[in-house]
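Report on the following structure.
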Amino acid sequence: WYWQKEKRAPYVKFMEANYPPGFSYEDFGPLLTAEFFDPNQWADILKASGAKYVVLTSKHHEGFTLWGSKYSWIWNAVDVGPKRDLVAELATSVRNRTDLHFGLYHSLFEWFNPLFLEDATSAFKTRKFPSSKSLPELYEIVTKYQPEIIWSDGDGNAPDTYWNSTGFLAWLYNDSPVRDTVVTNDRWGVGSICRHGGFYTCSDRYNPGRLLPHKWENCMTVDKRSWGYRRNAQLDDYLTIEDLVKQLVETVSCGGNLLMNIGPTHDGRIAVVFEERLRQMGAWLRVNGGAIYATKPWRAQNDTVTPQVWYTFSPKEGKVNAIFLNWPVSGILELGEPQAKLGETQVKLVGYKELLKWVALGEKGMVIALPPLTPKQLPCQWGWTLQLTDVN
């Protein structure tokens, strides 16, 4: 887009300096080789991350499909490049080796598709592109791969009536093979984002920091600058595990899910830095998952006295989880929100055996004495959970 459409100088120069004269976007097709793509290894990494669902980009705005689509002739991973059905392979491995829900991202529009450009010229009065390409692809991936999440994107500034989104969604929820399990997002045409959908995404890297009345998702990237893989990325360009835990905790306390994007390489690898972040997240969740999975937002999202403390509520156990991201130097943590009850309230540091001592602060709030632990004795390294029972 930057190179071909907007013709931004750095991108044009990069192509001139690094590729043969007359090199077209289509010439990238054979360069997507995927020779190291091992879907079982991917599934194992995803499982180790503690994730509950995975969303694969089956087709982005440039129209190349990672499955052998009959509607994307010679512009798909079975006809060009890998000569493999990457969607099928990952779906099979995820389902055989993990209990993750398998989802697919699909772009409605395509930047340079002549049919789409023709429809756009007619102010979307004609519907050649959705009827011959976009909609048939959607029916194809649902029928063939039965994804439990359809993550739609890229409305091309066209209304939902142009895409016949309601027609497709009616089929999806009533007659499709995934009608009983599927969930969808909110990107189905101009004006539908953050207004219609099973869960709202609102914008990329959306993290409002407050409670929303509808289920939502923070879709963000581990590489701060890209959704793809950048060969020239520096270590500084990647979010640290501390950054990621903070994103997760803030998101979940405000009623959201975290969709953490990684960009695989052209030869099919999950780069080591991405694998490390995913495994670190899994290690954190093995200790603190009780404060994340199956929780609901509490009456307060973050603490009023101590910054960087976020709350969730576990309805099954009736426990309030206070996740604090900084271990206080004094060993004393002051919380302004919980109302503790003498002789009833119990405070536990998740991953540590003994109950913690605390005192109430007037009508609201409490002061908690953290155990004096060496770094080796800490339950985890980046963010800790206090479980509070019997608090108002």
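The values are calculated or read from the model by the stated rules, or taken from the named source; none is laboratory data. Everything numeric here is computed off the predicted structure, so don't read it as measured data. Note: ideal-geometry Cβ built from the backbone for every residue, glycine included; neighbour counts use all protein chains shown. Each accessible area value is taken on the protein alone, full model and side chains, heavy atoms only, with ligands, DNA and RNA left out. Shrake-Rupley method; radii C 1.70, N 1.55, O 1.52, S 1.80 Å.
Observations
- Our analysis of the range 57-97 gives Rg over Rh at 1.01, with the two radii drawn from alpha carbon positions and Rh computed by the Kirkwood formula.
- Amide H to amide H, with H built 1.01 Å from N, Gly365 comes under 5 Å of Gln339, Ala340, counting only residues 5 or more places away or on other chains.
- Amide H contacts of Leu259 (H built 1.01 Å from N, under 5 Å, at least 5 apart or other chain): Asn218, Cys219, Met220
- Think of a 1.4 Å ball rolled over the protein heavy atoms: the chain then has 49 Å² of accessible area per residue.
- Expressed as a whole percent, the accessible area of the chain that falls on carbon and sulfur atoms is 54 (1.4 Å probe).
- What you get for the chain, charging only the Cβ of Lys and Arg (+1) and of Asp and Glu (-1), is a dipole of about 500 debye around the Cα centre.
- Compared with the direct C-alpha span, the chain from Asp175 to Arg286 gains 36.2 nm at full extension, assuming 0.36 nm per residue.
- Antiparallel DSSP beta bridges within the chain, percent to nearest 5: 60 percent
- The range 147-155 - phi-based ³J(HN,Hα) in whole Hz, Karplus 6.51/-1.76/1.60, Gly and Pro as x: x, 8, 10, 10, 9, 7, 8, x, 7
- All lysines inside 17 Å of Lys144 as judged from Cα atoms, apart from same-chain residues fewer than 8 positions distant: Lys59, Lys70, Lys133
- Each other residue within a Cβ distance under 11 Å of Glu337 adds +1 if Lys or Arg and -1 if Asp or Glu, for a net charge of 0.
- For a straight C-alpha distance cut-off of 28 angstrom, the lysines reachable from Lys319 (same-chain residues fewer than eight places away being disregarded) are Lys47, Lys52, Lys215, Lys246, Lys296, Lys341, Lys348, Lys353, Lys357, Lys364, Lys376.
- Compactness relative to 2.2 N^0.38 Å, alpha carbon Rg of the chain: 1.12
- Using equal-weight Cα scatterers in the Debye expression, the normalised intensity of the range 296-389 in log10 at q = 0.18 Å⁻¹ is -0.79.
- Taking a ≥ b ≥ c as the square roots of the eigenvalues of the alpha-carbon gyration tensor, the range 1-84 is classed prolate because a/c is 1.5 or more and a/b outweighs b/c.
- Database note for the chain: Cys without another Cys beta carbon under 4.7 angstrom, Cys219, Cys254, Cys380.
- Taken one residue at a time, the phi angles of the range 87-94 give Karplus couplings (6.51, -1.76, 1.60, θ = phi - 60°) of 5, 4, 5, 5, 4, 5, 5, 4 Hz. Gly and Pro are set to x.
- Of the whole protein surface, Lys296 contributes about 120 Å² of accessible area at a 1.4 Å probe radius.
- Couplings 3J(HN,Hα) for the range 194-208, derived from phi with the Karplus relation 6.51 cos²θ - 1.76 cosθ + 1.60 (θ = phi - 60°), are 6, 10, 10, x, x, 9, 8, 10, 6, 6, 5, 6, 7, 9, x Hz, where x marks Gly and Pro.
- Tyr105 long-range amide H proximity, modeled H, under 5 Å: Leu56, Thr57, Ser58, Trp151
- Calculated mean residue ellipticity at 222 nm for the chain: -7000 deg cm²/dmol, from DSSP H runs with n ≥ 4 weighted as -39500 (n - 2.57), summed, divided by the residue count and rounded to 500.
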